[in-house]
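Comments concern the structure below.
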Amino acid sequence: MAKSDDCVHILQGLLVFGNVVIGLCGIALTAECIYVVSNSDGPYPLLKATENRDIHAAAWIGIFVGLALFALSILGIIGVVRASRTLLLVYIILMLITFAFEMASCITAATHQDSLTPNLFLKQMLERYQKSDPNKNSDNEVTKTWDELMRQNHCCGVNGPSDWQDYTSAFRLTHSDADYPWPRMCCVLDAQGSPVNLDGCKLGVSGYYNSNGCYDAISGPVNAHTWGVAWFGFAILCWTFCVLLGTMFYWSGIEY
Amino acid sequence: MELPWVLLALAGTGVAADLARLPYVPHVPPMALLGKVTATTFALERPRCVFDGHADASDAVWLAVAFANAAHPPPVPSASGAFRNPQSQAEVPPYKELPTARSYMTLETAAAAYSCSAQSPPVLRVGGDTACREQGRQDPCNGPLPSPGPYRVKFLLMGCRGPKAETLWSEPILLRTALSPSTIDPAPARPGSALVVIASILASLGAVLATAVLGALGAKVWGSLCHQGLGTDTFIRRSYRTHHIPPALPQPLPPGCGCSPPGLCQSAPQSPAPCQRIMEQFGLDGTIKGPPRFNPPATGRDSFN
């Protein structure tokens, strides 16, 4: 009997600990998803221009899932300590529903991260940079974002300045190839914002132009957001799975 | 006395072969420059020390550019093969006539710029001047090239009376052709490994959880049905040991049950089994249920009564 009681107490302790962790992780998930939803600087206008809002949907689901996890963890702790079958049954069913929602959020975030290929940004940049259409405000946003990106990160194009040579673009329609093999922002600029050596920049002499691509500068922050939502949610789900299995085992052993 | 004959012979050869063929081949600079060949321009390495010994101070070096037409079969002469050196300044083919004449000359520079001691950039850019194209000036215009080519070039040293020296023709230089961005496919080639891992693991976890919950609920329902059947229904769903007690006189207890003097019990070795059965018959072995407590569910029956 004493050994069985010890086993019961150990199982109760583990379940309480598991629920505490779930509660804390729920709070963290909510905070992180609020940050992702509200963080609109950096390369965000480029994402908005791709018209792919999956990461937003995943983050909104994550906010509510986090709050639900916190509330359910409290319910779970009370149910385990009081060994109440009703409370634990309610806990298990609601946790399953939350599990399903969080699963949807994780998979959506992972799919979104998958879709942000260099080619996506390349096509958008070629079609919209410097498009000079006064009606479409989003194109101006794209141009301003790219200029800021290239100036701050000392980079050019998505894969490199050769993007502007390999493909025709909206930029090429208004800027001749002889004068602008690539945009002026790709040149090394001095303090006033004009190229240090314009001929060197046009010829591609190293030191006078930016030879790196900007894809790393774009994908870094975006991946950080997406990984945060997808992989953190995945970790929470794995932990929740174990706690739920333990709770079901505990529930089925309680006698009336 | 041979000297006047030598001088005359030299003068004769000077008049007949006034065009020196320099063994220099113009080429695109070998160093790594991203912009050395673009869609409308290309760069050439500046010839250094090539014209020394042939050029005077007043001479000019021109660059002749002609279509190479490398794809055409030999019977059709290439533009570079058909190029004739202009014999005077007025015959220089201008930039505007490139589409029709299939060649032009540009980059008129003083010969001193190509001397050994000149401090000048090591690269010449052909096609870099966009201003002269619009204005249509008659000056030598280094305008952008209208088509990808391929082109051949050679340098021509022009004096006051005509060409004095020329280099060899270069290899064909093909300019870059840009593709349309509609050829770019933005979709990922195959689903990333992260997506596959997350989706597969989460799907399996969800399936296991759903199965476990359904199994637990099903077992509970099954157990509650069995419990009701036992109370009200005579249909036997599980084996139930009947205790049939024949109406007989109580038998004397066999020796060995509950005997106090230990010495007498040792002669009768068969004691524990009959005692145990009688104890079980009358429920005297202590199976009394206390307050609700946790039992490991060994079978479905034990937990749901």
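Looking at the stretch A:136-224, the helices (runs of 4 or more DSSP H) lying wholly inside it that each contain 1 or more residues that are within 14 Å of another protein chain (Cβ to nearest Cβ) and open to solvent by 50 Å² or more (accessible area, probe 1.4 Å) sit at A:162-166, A:170-174, A:198-203. Pairs are defined by a Cβ separation below 6 Å, a sequence spacing of at least 6 or placement on different chains, a first member in the stretch B:95-111 that is among the hydroxyl-bearing types (S, T, Y), and a second member that is open to solvent by less than 10 Å² (accessible area, probe 1.4 Å) and not in a strand (DSSP E or B); the pairs so defined are B:Y95/B:C141; B:Y95/B:G143; B:Y104/B:L98.
If the condition is being at pLDDT below 90, open to solvent by less than 30 Å² (accessible area, probe 1.4 Å) and either under 18 Å from A:A58 (Cα atoms) or of a type in the set (D, E) (or both), then the stretch A:225-256 contributes A:T226, A:G228, A:V229, A:A230. Scanning the stretch B:148-182 for residues that are among the hydroxyl-bearing types (S, T, Y) and within 25 Å of A:E127 (Cβ to Cβ), we see that the one that is most open to solvent (accessible area, probe 1.4 Å) is B:T177. When each of B:P181, B:P186, B:P122 is tested for being more than 30 Å from A:L94 (Cα to Cα), at pLDDT below 90 and more than 8 Å from chain A (Cβ to nearest Cβ), the lone residue that passes is B:P122.
The values are calculated or read from the model by the stated rules, or taken from the named source; none is laboratory data. For clarity, every value in this text was computed on a predicted model and none was experimentally measured. Glycine also receives a Cβ, built like all others from the backbone with ideal geometry; neighbour counts cover every protein chain displayed. Surface accessibility is based on the protein's heavy atoms, side chains included, excluding ligands, DNA and RNA. Shrake-Rupley method; radii C 1.70, N 1.55, O 1.52, S 1.80 Å.
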